[in-house]
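Report on the following structure.
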Amino acid sequence: MWLATGLGVGLVTPAPGTIGGLWGFPFAWALGHLGPAGQQTAIVLSVLAAVAICSIAARALDGGKDPQAIVLDEIVALPIVYVGVLQRSPAVWVAGFLLFRLFDISKPFPARQAERLPAGWGIVADDCVAAAYACLALHALLWLDRVLDLAWLTTA
């Protein structure tokens, strides 16, 4: 329960997905030091572990399909946003997080459908889809920033 609720943050804060998801930053930062293969392996393993943990926590909380107090799904999905992102300025971190929250809240296809999967799969899968959309959008923003020489996200 402690892991699923982000050390209890999901139990006591308004907007638990947003606040609890901030725990994903140190995790994403650490995984960014593993290299591409290590990063991808760690993401897959953490997502699989989160599915099991979130399944148990959802039953314990008796909160239906995706209890708000569970924030581990946001934590393990956030590193997906930064896969392949080499520029990690504060602006890039913030842009990625905001994009992730946008897609997690709006749940574009197939995120809403993924949410209907059973137990922990549904809790975690929609966040992984949102993170994949955010990753694509962040790469597009970084490309535009570079091509248009805006230097909002990237540095020279």
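The values are calculated or read from the model by the stated rules, or taken from the named source; none is laboratory data. Computed from a predicted model, the values in this text were never measured in an experiment. Note that we place each Cβ from the backbone using ideal geometry, even for glycine, and neighbour counts take in every protein chain shown.
Taking the residues in region 98-156 that are in a loop (DSSP other than H, G, I, E, B) and among the hydroxyl-bearing types (Ser, Thr, Tyr) as candidates, determine which candidate is nearest to GLY21 (Cα to Cα). Can you show your working first?
Going through region 98-156, the residues in a loop (DSSP other than H, G, I, E, B) turn out to be 107-110, 115-118, 148-156.
Now drop any that are not among the hydroxyl-bearing types (Ser, Thr, Tyr), which leaves 154-155.
On the way: THR154: 24, THR155: 27 Å.
Applying the filter and picking the extreme gives THR154.
Among the candidates PHE103, PHE109, PHE97, single out the residue that is in contact with a Phe, Trp or Tyr (Cβ under 6 Å, 6 or more places away or on another chain) and within 20 Å of ALA140 (Cα to Cα). Steps first, answer last, please.
Working: PHE109 fails: in contact with a Phe, Trp or Tyr (Cβ under 6 Å, 6 or more places away or on another chain); PHE97 fails: in contact with a Phe, Trp or Tyr (Cβ under 6 Å, 6 or more places away or on another chain).
Residue meeting the stated conditions: PHE103.
Scan region 12-22 and give yes if some residue there is out of contact with any His (no Cβ under 7 Å at 6 or more places or on another chain), more than 19 Å from ALA131 (Cβ to Cβ) and surrounded by 14 or more Cβ atoms within 10 Å (Cβ to Cβ), otherwise no. If you could, list the steps in order and put the result at the bottom.
Applying the first criterion (out of contact with any His (no Cβ under 7 Å at 6 or more places or on another chain)) to region 12-22 yields 12-22.
From the residues that got through so far, the ones that are more than 19 Å from ALA131 (Cβ to Cβ) too are 12-14.
Narrowing further to those that are surrounded by 14 or more Cβ atoms within 10 Å (Cβ to Cβ): 13.
Yes, that holds for at least one residue.
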- line: Expected single match for hydrophobic (A, V, I, L, M, F, W, C) and modelled with pLDDT under 95 among LEU86, LEU141, LEU98, LEU78 is LEU86
- prompt: Under the condition of being over 18 Å from the mean Cα position of the chain (by Cα) and buried (at least 20 other Cβ atoms within 10 Å of the Cβ), which residue from region 108-156 is nearest to PRO90 (Cα to Cα)?
  reply: LEU153
task: Taking ARG88 as meeting all but one of (1) surrounded by fewer than 22 Cβ atoms within 10 Å (Cβ to Cβ); (2) under 15 Å from the mean Cα position of the chain (by Cα); (3) within 19 Å of PHE27 (Cα to Cα), write down the number of the exception.
output: (2)
- prompt: Any idea which of (1) under 16 Å from the mean Cα position of the chain (by Cα); (2) closer than 15 Å to LEU141 by Cβ; (3) of a type in the set (A, V, I, L, M, F, W, C) is the one VAL51 doesn't satisfy?
  reply: (2)
